[in-house]
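Asks: Quick one: this structure, given as structure tokens, is what I'll be asking you about.
Each value in this text was obtained by applying a stated rule to the coordinates, not by laboratory testing. Quantities reported herein were computed from a predicted structural model and do not represent experimental measurements. Quick reminder, even Gly has a Cβ in these numbers, built from the backbone with ideal geometry, and neighbours come from all protein chains shown.
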Amino acid sequence: MSTLTPIGQAVENTANNQVQLLTIPDTAKALGSSRHYVYELIRTGKLAYIDLSNGSRPKLRVDPRDLDEFIQSRKVAA
């Protein structure tokens, strides 16, 4: 398994190219923020997400690569 930043978790299984998607609480934890903030990022189009809903209730996931891209876009040079 390989790891991807920013959260340092094993997220990619290189044997079959599967990515472990993050739940909203996992995404919030990686950002050090609240679930509400993550939902706001999604609602405003600042953070890409994957909709795995089956009609009964929302089931949103975030690709760790998209989270990394979001974090890199927010970086401020000193």
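So that you can scan it fast, the table gives a plain yes or no per residue for (1) charged (D, E, K, R); (2) part of a helix (DSSP H, G or I); (3) touching a Leu at 6+ places or on another chain (Cβ under 7 Å); (4) crowded, with 17+ Cβ neighbours inside 10 Å:
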residue: Thr27; (1), (2), (3), (4): no, yes, yes, yes
residue: Ala30; (1), (2), (3), (4): no, yes, yes, yes
residue: Ser33; (1), (2), (3), (4): no, no, no, no
residue: Tyr39; (1), (2), (3), (4): no, yes, no, yes
residue: Leu47; (1), (2), (3), (4): no, no, yes, yes
residue: Asp68; (1), (2), (3), (4): yes, yes, yes, no
residue: Gln72; (1), (2), (3), (4): no, yes, no, no
residue: Lys75; (1), (2), (3), (4): yes, no, no, no
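Asks: Please specify each residue of the stretch 13-53 satisfying the condition of being touching a Pro at 6+ places or on another chain (Cβ under 8 Å) and not basic (Lys, Arg). If you could, list the steps in order and put the result at the bottom.
Replies: First pass over the stretch 13-53, keeping only residues touching a Pro at 6+ places or on another chain (Cβ under 8 Å): 19-22, 30, 35, 51.
Answer for the stretch 13-53, where residues must be touching a Pro at 6+ places or on another chain (Cβ under 8 Å) and not basic (Lys, Arg): Val19, Gln20, Leu21, Leu22, Ala30, Asp51.
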